[in-house]
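Take a look at the structure below.
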Amino acid sequence: MEDNMNLMDDVEIVKEFLVESNDHLDDVESKILELEKSPEDIDIINSIFRPIHSIKGSAGFLGLKDIGKVSHELETLLDEGRKVKIKITPEIIEVLYEGVDILKKLRNTVVIKVDNKQASTDVVDYYPFISKIPVILGYNQGIVQKEKTMDNPPKEKHIGEILVETGNISKDQLEIALQEQTQGKRLGEILVEKGMTTSDKINEALKIQSIIGKPSSETVKVDTQKLDNLINLVGELVIANALICETSGNTNNGSNKNLSHLSKIVKDIQDQVMCMRMVPLKSTFQKMARLVRDVSAKVNKKVRLEIAGEETELDKTVIDEIGDPLVHIIRNSIDHGIEPKEERMAKGKPADGLVRLNAFHRAGNIVIEIEDDGKGLCKEKILKKGIEKGLVEENTTLSDQQIYNLIFAAGFSTAEKITDVSGRGVGMDVVKKNVERLRGKVDLYTTEGKGTKFSIKLPLTLAIIDGMIVQVGPEKYIVPMLSIEESIRPKKEDVSTVQQRGELINVRGDLLPMVRLHNLYNVEPKRMNPWEALILVVEGEGQRCGILVDDLLGQQQIVIKSLGEQFHNIRGISGSAILGDGRVGLILDVGGIMSMALN
């Protein structure tokens, strides 16, 4: 089962095929879900048939025989369905899913060959799948050899053809108008002049013509690396512009006006370039629909998925990373959260469980919510397990939120037994780590007996952050705005020292630990006393604290620069940025600072 083509000979064409086939398979998977709900809808069958036919055609051209064979068998099955020769049954739906999964595996083997032709790949055995097709179609022997080909994809139709098909004019009337058509005179004008139709009907036909056979939008595919290079260059441009503005502050009014205009242009370019990396969450959410279907079938529960906000756009890099956290949360929602049918009905709930997936913009960030209507989290059970695991001491007083946050600890699981769905304690810790690596945060809300909601807040892009520039002595640091709750100047009586616990600050009744940045980074501050300086109240990794700084210099959009390989493991620092005065400012990792100062 090896394809004869030397992939490296036409690597660019193959890469193009890999991108297109990935889009096609994602689209097919979501359409199969629709078909499962409406098995007699011929339009849905056709919408599955077309991309499969396209994959088959491209695979044939490139000599990818394995992909061609599997897509041909899927095409055969779908062709019978769209001609209403067979009825779409649950068995056929399962076969369609199986076929898509095999095509994905075969595609992945091609990806590995293209990236590294020396790499060994597992052989994908697709013959058992192929042998199912003739059985389903009712044939007694052999694989169906008859080649099924799709009609040519819709071409752009002439206005006359559309008017005839919609019954607005007859074929004879069209022939008469065509004979009288002269150069420079449109067919529609002749038909209206002769009274064969009206201008309104011509306009309707033109709208139909604009849709048929034409792509929905003009797009050009660009290599991701080229986009990354462009984004880096724009970042340099933003920094250079900031430097010029800073050093030219005392020039004449004419120069200031020009600099202001330049800054606006640079900002517009920056926004447009960032938009180029933005893609909708639709494909990620569609994959979750398949996941809900498969996991609910495994645990023998009926679960419905509601999706909203799938058109919300996010940086492609962030979207690539957010898939795993969503998978873990949804699997847990179905396995742990949603109760069995009998238990739900006894509680007066609908027999079918519900998982909601929603995305929306909030305060310059993207929020993704995963909510279920299950039994919620049991506080006592989680606390007991936390004590057993040694995560908390037995007599420690914890708030409800701190108890619920224990589920994010590595190795933590309340499952009674390990299944192939969950129970190993690897999942929620992965969620937290992945989201925080993206400079986001996860919040958990639950009501016992009612359900649980996970809220993931993410930055729109990883290249730029909103940061607050703070000063400590001669040094400037950047604190991500996402981590800051408020800034205060405390009163002398609000600051206290506790033996072996360091300094505490009273913020409206809450005692928060206070971190002195100058102690952590060995800097001489301008103000030693907290009541003469400022406190930034920050939140990270489920904890809050107050960071002591000399002054706040203002909020700014920061272009993030890596510190390089040799400095990538420095606790408390997540990156750097070049500030307007040309100096380097370190971007603080709030969670890392708290672990350094408080542990």
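Every number here is computed from the coordinates shown, using simple stated rules; none is lab data. Just so we're clear, the structure is a prediction, and the values are computed from it rather than from any experiment. So basically every Cβ, Gly included, is an ideal-geometry build from the backbone, and we count neighbours across all protein chains shown.
Some points to look at:
- Note, ³J(HN,Hα) from phi for region 34-41, Karplus 6.51, -1.76, 1.60, rounded to Hz, x at Gly and Pro: 5, 5, 4, 7, 10, x, 9, 7
- Counted residue by residue at 0.36 nm each, then reduced by the alpha carbon distance between them, the extension gain from I387 to E193 reaches 61.1 nm.
- Sequentially through region 583-591, phi angles give Karplus couplings (6.51, -1.76, 1.60; θ = phi - 60°) of 8, 8, x, 7, 8, 7, 9, 4, x Hz, Gly and Pro residues having no value and appearing as x.
- Taking GluC sites (Glu not before Pro) across region 25-54, the ones in a DSSP loop with at most 11 further Cβ atoms lying within 10 angstrom of their Cβ are E40.
- In this simple spin-label approximation, D581 and E342 carry label points 7 Å from Cα along the Cα→Cβ vector, and these lie 7.2 nm apart.
- Estimated FRET transfer efficiency (E394, D324; beta-carbon r; R0 41 Å; 0.05): 0.75
- Near the amide H of G540, within less than 5 Å, lie no amide hydrogens of residues on another chain or at least 5 residues away, with H placed in the peptide plane.
- Cleavage-rule hits (trypsin sites (Lys or Arg not before Pro)) in region 1-107: DSSP loop, at most 12 neighbouring Cβ within 10 angstrom: K83, K85, K87
- For L314, residues with placed amide H under 5 Å, excluding near neighbours: V279, L281
- FRET efficiency for L137 and D352, using Cβ-Cβ distance with R0 set to 35 Å, rounded to 0.05: 0.60
- A Förster radius of 51 Å combined with the Cβ-Cβ distance from R489 to K226 puts the calculated FRET efficiency at roughly 0.55.
- Coupling constants for region 449-459 follow from the phi torsions by the Karplus curve (6.51 cos²θ - 1.76 cosθ + 1.60, θ = phi - 60°), and in residue order they are x, 10, x, 9, 10, 9, 10, 9, 9, 10, x Hz; glycine and proline get x.
- Under 5 Å between amide hydrogens, built in the peptide plane, is the criterion, and for D551 it picks out Q471 among residues at least 5 positions away or on other chains.
- Taking a sphere under 9 Å around the Cβ of E343 and counting the other residues whose Cβ falls inside, with K and R at +1 and D and E at -1, yields a net charge of +3.
- Stretch gain in nm, segment A240-E20, where the contour uses 0.36 nm per residue and the Cα spacing is subtracted: 75.4 nm
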